[in-house]
1. May I ask for the net charge around Lys102, where only other residues with Cβ less than 13 Å from the Cβ of Lys102 are counted and Lys, Arg are +1 while Asp, Glu are -1?
2. Once the mean 1/r over all distinct Cα pairs of segment 4-130 is inverted, what Kirkwood radius in angstroms do you read off?
3. When the dipole is taken about the Cα centre of segment 4-130, and only Lys, Arg (+1) and Asp, Glu (-1) are charged at their Cβ, what size is it in debye, to the nearest 20?
4. Assuming R0 = 30 Å, what is the FRET efficiency of Arg121 and Ile7, from their Cβ-Cβ distance, to the nearest 0.05?
5. Considering the dipole of segment 4-130 built from charges on the beta carbon (Lys and Arg +1, Asp and Glu -1) around the Cα centre, which of Ile112, Val82, Phe124 is farthest to its positive end?
6. Name the long-range amide H neighbours of Thr64: under 5 Å, sequence gap of 5 or more, or other chain; modelled H, no Pro or chain starts.
Amino acid sequence: MKGKIAIIPIKGTIVSESGFIFPIPLPIKIGGTVSTEVIEFLEEVEKNKKIKAVILEIDSPGGTPYPCKEIATKVKNFSKPVIAWVKESATSGAYWIASGCKKIIADQLSIIGSIGVTSLRPDFTELLKKFGIDIDT
């Protein structure tokens, strides 16, 4: 099989909208993967006859259920071979995505599996106070 391979990164928390990662601008970068961007890229790859396969470069704890399902469904029904390449972790929804791939490649120290629910709610109250920002809820 001659042709090109597309590499698509799936890193950090998987969400449906970029603003959902953190709703207010912060002086630090908080990264994640937006499902609609991944799906749009996969659709472009599917149309490109020069690209013969896809590698999903995964390092993610998962994310909210619906965007993970969107990507997993697209990957499972994709017309070209998709390989999951797990660097550090593919847990929860990220593993759901990887499980739809033709093959999963991971290091023996990679964290794989654990589909379930986890939650992280950082408290930036003290940090924001240092910058003179007060939030009333």
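1. Taking every other residue near Lys102 into account, the sum is +4.
2. Roughly 15.2 Å, rounded to one decimal.
3. 420
4. Taking R0 as 30 Å, the efficiency between Arg121 and Ile7 is 0.40.
5. The Cα lying farthest towards the positive end belongs to Val82.
6. Ile14
Readers should treat all values here as calculations from the given coordinates under stated rules, not as data from a laboratory. Nothing here was measured: the structure is a model prediction, and the numbers come from that model. As a convention, Cβ positions derive from the backbone with ideal geometry for all residues, glycine included, and neighbour counts pool all protein chains shown.
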